[in-house]
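This report concerns only the one structure given below.
The values are calculated or read from the model by the stated rules, or taken from the named source; none is laboratory data. None of these values were measured; they are calculated from a predicted model. As a convention, Cβ positions derive from the backbone with ideal geometry for all residues, glycine included, and neighbour counts pool all protein chains shown. Just so you know, the surface numbers come from the protein's heavy atoms only, side chains and all, with ligands and any DNA or RNA stripped out. Shrake-Rupley method; radii C 1.70, N 1.55, O 1.52, S 1.80 Å.
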Amino acid sequence: MDIELISPSEWVKQQVKSVQDYTLIASRSIANLFTGPRYLADTTQQADLIGWGSLPIIVLTGFFTGAALAQNSGSTLQRFGSVTLIGQLVSLGMVRELGPVITGLMVAGRNASGMASELGSMVVTEQIDAMRALGTDPMRKLVTPRVLSTVTMLFFLTIISDFLGLAGGGVASSLFFGVDSHQYWSTAWQILVFQDVFMGLAKPVLFGFIIATVGCYYGISARGGTQGVGRATTQAVVASSILIITVDFFVTRLSMTLFGQ
Amino acid sequence: MSTPPSVLEQRVQQSPANEVTVKFEDVSIAFEDKVVLDGISFELLHGETKAIFGVAGSGKSTLLKLALGLLRPDSGRIFVLGEEVTAMTEDQLFELRRRVGIVFQESALFDSLNVRENVAFRLYEEGKVSEEEIDERVREALSFVELEHTVDMYPSELSGGMRRRVSIARTIITHPEVLLYDSPTGGLDPVTSNTIIELVVKQRDIYKVSSLLVTHRLQDAFTMATHYFERTENKMKELPPGARTEVPFSFLIMRDGRVIFDGDLGQLRETKDEYIREYIS
Ligand SMILES: Nc1ncnc2c1ncn2[C@@H]1O[C@H](COP(=O)(O)OP(=O)(O)OP(=O)(O)O)[C@@H](O)[C@H]1O
Ligand SMILES: [Mg+2]
């Protein structure tokens with residue numbers, strides 16, 4: 001970070017400006033969905049990059065998160081002699097909380113940084129200006145496709161992560177606690193109600209939006225050569241991760257207030 | 001090389017002479033309290049090429065970016081092709097920018113696209129152009145800068161001078177009515193920069209394009225002011241003495257954010273200003 005002394009009022013002004021800029025990017029990225037031109041090829045390319053590219057790490061992290069969750073829940077449940085509830089705990093934990101958050105954080109680490117560094121390099125080498133000069137809106141060609149594909153892909157990646165988490169939990173509970181796998185899956189399945197699934201699938205939509213808009217925002221506001229791009233990349237990952245975890249808390253709270261429980 | 005398309009010739013003929021293509025009216029801009037342009041005014045006539053001079057950091061690149069609306073001035077008004085750039089929204093500007101081309105100082109090629117995709121960028125953006133036509137026009141634009149063989153290469157595999165020329169090809173592929181060149185010969189060897197000067201002169205004399213050309217090299221500007229493009233021989237030739245004012249070429253010199261000279265070669269030679277005399281000697 002630069003060690004630059006600025007007056008508090010200047011600092012506040014800068015922060016307000018950042019929030020304004022971010023809000024502009026975020027709102028434009030959605031508004032652009034409703035009017036042409038649209039960039040389908042760019043969207044599918046990004047979807048491929050984010051979806052396929054993240055699949056291996058989502059499979060691995062999903063599986064082991066579920067397995068770890070099962071071990072922890074299992075050892076606690078054993079004390080109360082109700083180890084058969086393990087499927088329900090893993091299921092609720094994965095679908096409502098860990099599936100979306102772990103997937104979000106993984107994709108943030110991988111793609112928010114990727115977007116920030118890609119767009120950041122384009123800014124510092126004047127490629128963004130060149131694009132504007134050639135009559136193309138970078139918001140439409142670069143930002144909107146990234147937002148759309150991240151939201152879509154994160155949705156599906158989260159579902160995959162949930163299933164692998166359940167599978168990991170299943171393996172761990174039969175291996176370490178001798179729980180019958182048929183019983184595990186049926187209890188895991190039955191415990192889920194509409195609000196759990198709704199909350200679990202609303203989160204990736206929000207997280208995907210956060211990842212793409214924060215990544216693009218830091219990329220587009222990158223200044224100061226390669227060092228500036230490096231800084232933007234780090235900040236994008238930090239900011240999007242913090243936002244994901246904070247938003248996760250509020251969505252959980254809101255959903256519980258709305259649906260009770 | 002091919003003759004210009006007939007549509008273009010029609011357009012050139014329809015445009016009235018002495019029409020103003022680019023106009024700056026008392027334009028000022030500062031970056032964080034540092035005044036870069038301080039009340040700049042000038043006009044670029046239709047078909048004219050105007051060379052812009054000034055020491056490093058005098059705001060030449062800034063001036064070109066202002067003309068395209070890539071930057072907004074703090075005060076003053078800018079007109080391009082009859083439209084007020086300073087009063088337009090970014091969305092409206094995209095339309096106007098399709099009629100204007102800029103060659104950036106550092107080329108600014110898209111490094112994730114190959115030469116073909118870079119050059120064809122505008123055609124892809126416009127849609128409705130068939131792949132065959134794209135191929136044809138990319139070849140035409142690249143042959144204009146004599147770089148047909150680079151079509152499948154990536155910008156990182158090209159030399160600086162080649163990148164500059166690809167960037168020119170990318171800009172002229174749609175035959176814009178106005179061209180803005182930012183130091184097109186900067187840091188190049190004499191042979192390559194001569195090729196580029198010839199391209200600029202060809203755009204001026206054959207296609208009747210209006211352009212602003214930023215340069216550090218007075219010599220290049222003198223060449224452009226004293227040469228014309230001979231269509232039948234397809235090369236640049238020196239004007240016979242006495243005919244020197246016949247090519248539409250002018251000079252604009254900036255100093256400390258202001259215009260200190262704006263006129264043609266004859267006027268430049270007669271100027272009494274000490275700074276300019278030193279500059280051109
Ligand atoms: N985006 C920006 N932010 C802050 N200052 C800027 C910005 N762009 C340009 N400047 C400043 O404006 C001044 C003019 O820059 P500009 O690039 O227009 O110069 P130039 O005449 O093109 O120089 P050169 O001949 O070296 O290309 C410089 O002092 C530069 O530091
Ligand atoms: Mg410059």
Specify the residue with the greatest mean-square fluctuation among B:Pro176, B:Pro155, B:Pro240, computed from a Gaussian network of chain B linking alpha-carbon atoms under 10 Å apart.
B:Pro240
Report the one residue of A:Gly219, B:Gly127, A:Phe63 whose Cα lies farthest in the direction of the positive end of the charge dipole of the protein assembly as shown (charges on C-beta: Lys and Arg +1, Asp and Glu -1; origin at the Cα centre).
A:Phe63
Inter-centroid distance (Cα atoms) of segment B:98-162 relative to segment B:20-86, Å
27 Å
Determine which aspartates and glutamates satisfy two conditions relative to A:Lys141: a Cα distance under 17 Å, and not lying fewer than 8 residues away in the same chain.
A:Asp42, A:Asp48, A:Glu118, A:Glu126, A:Asp129, B:Glu90, B:Asp91, B:Glu95, B:Asp111, B:Glu117, B:Glu125, B:Glu126
Based on the Kirkwood radius over alpha-carbon pairs, what value in µm²/s does the Stokes-Einstein equation return for the translational diffusion coefficient of segment B:107-175 at 10 °C and 1.306 mPa s?
137 µm²/s
Take chain B, connect every pair of alpha-carbon atoms lying under 10 Å apart with a spring to form a Gaussian network, then pick out the residue of B:Gly127, B:Gly266, B:Gly257 with the largest mean-square fluctuation.
B:Gly127
Net charge near B:Pro155, counting Lys/Arg +1 and Asp/Glu -1 over other residues with Cβ under 10 Å of its Cβ?
-1
Taking every other residue with Cβ under 13 Å from the Cβ of B:Arg97 and scoring Lys and Arg +1, Asp and Glu -1, one gets -4
Would you give the gap between the C-alpha center of segment B:218-281 and the C-alpha center of segment A:183-261, rounded to a whole Å?
61 Å
Alpha-carbon centroid distance for the pair segment B:175-215 / segment A:16-41, whole angstrom:
36 Å
Could you do me a favour and compute the accessible area per residue for segment A:8-119, 1.4 Å probe, result in Å²?
52 Å²
Reachable aspartates and glutamates from B:Lys237, Cα under 13 Å, same-chain residues fewer than 8 places away excluded?
B:Glu198, B:Asp205
Rounded to the nearest 10, the angle in degrees between the Cα long axis of helix A:181-191 and the longest principal axis of the Cα atoms of chain A comes to 60 degrees
If contacts are Cα pairs under 8 angstrom and at least 6 residues apart, what is the relative contact order of segment B:107-175 in percent?
51 percent
Along the Cα→Cβ direction, 7 angstrom out, place labels at A:Trp11 and A:Arg28. What is the inter-label distance in nm?
2.9 nm
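Would you please name the trypsin sites (Lys or Arg not before Pro) within segment B:240-281 that are DSSP coil residues with at most 12 other C-beta atoms within 10 Å of their C-beta?
B:Lys272
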Quote the charge dipole size of segment B:107-175 about the Cα centre in Debye, to the nearest 20; the model charges only the Cβ of Lys and Arg (+1) and of Asp and Glu (-1).
380 debye
Quick one: helix A:40-79 against the long Cα principal axis of chain A, what's the angle to the nearest 10°, folded into 0 to 90?
30 degrees
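Would you kindly state how much longer the chain becomes between B:Leu218 and B:Phe31 on full extension, computed as 0.36 nm times their sequence separation minus their alpha carbon distance, in nm to one decimal?
Numbers: separation 187, 0.36 × 187 = 67.32 nm, distance 2.78 nm.
Between B:Leu218 and B:Phe31, full extension yields an extra 64.5 nm.
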Taking loop as defined by DSSP and a crowding limit of 10 other beta carbons within 10 Å, which GluC sites (Glu not before Pro) in segment B:194-262 fit?
B:Glu233
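Can you list, largest first and rounded to whole Å, the semi-axes you get for chain A by taking the square root of 5 times each eigenvalue of its Cα gyration tensor?
Semi-axis lengths for chain A are 40, 19, 17 Å.
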When only C-alpha pairs under 8 Å and at least 6 residues apart count, what is the relative contact order of chain B, in percent?
24 percent
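List the chymotrypsin sites (Phe, Trp or Tyr not before Pro) in segment A:47-117 that DSSP assigns to loop (not H, G, I, E or B) and whose Cβ has at most 15 other Cβ atoms within 10 Å. Which are they? Can you show the working numbers first?
Numbers: sites: A:Trp52, A:Phe63, A:Phe64, A:Phe80; in loops: A:Phe80.
Sites meeting the loop and neighbour criteria: A:Phe80.
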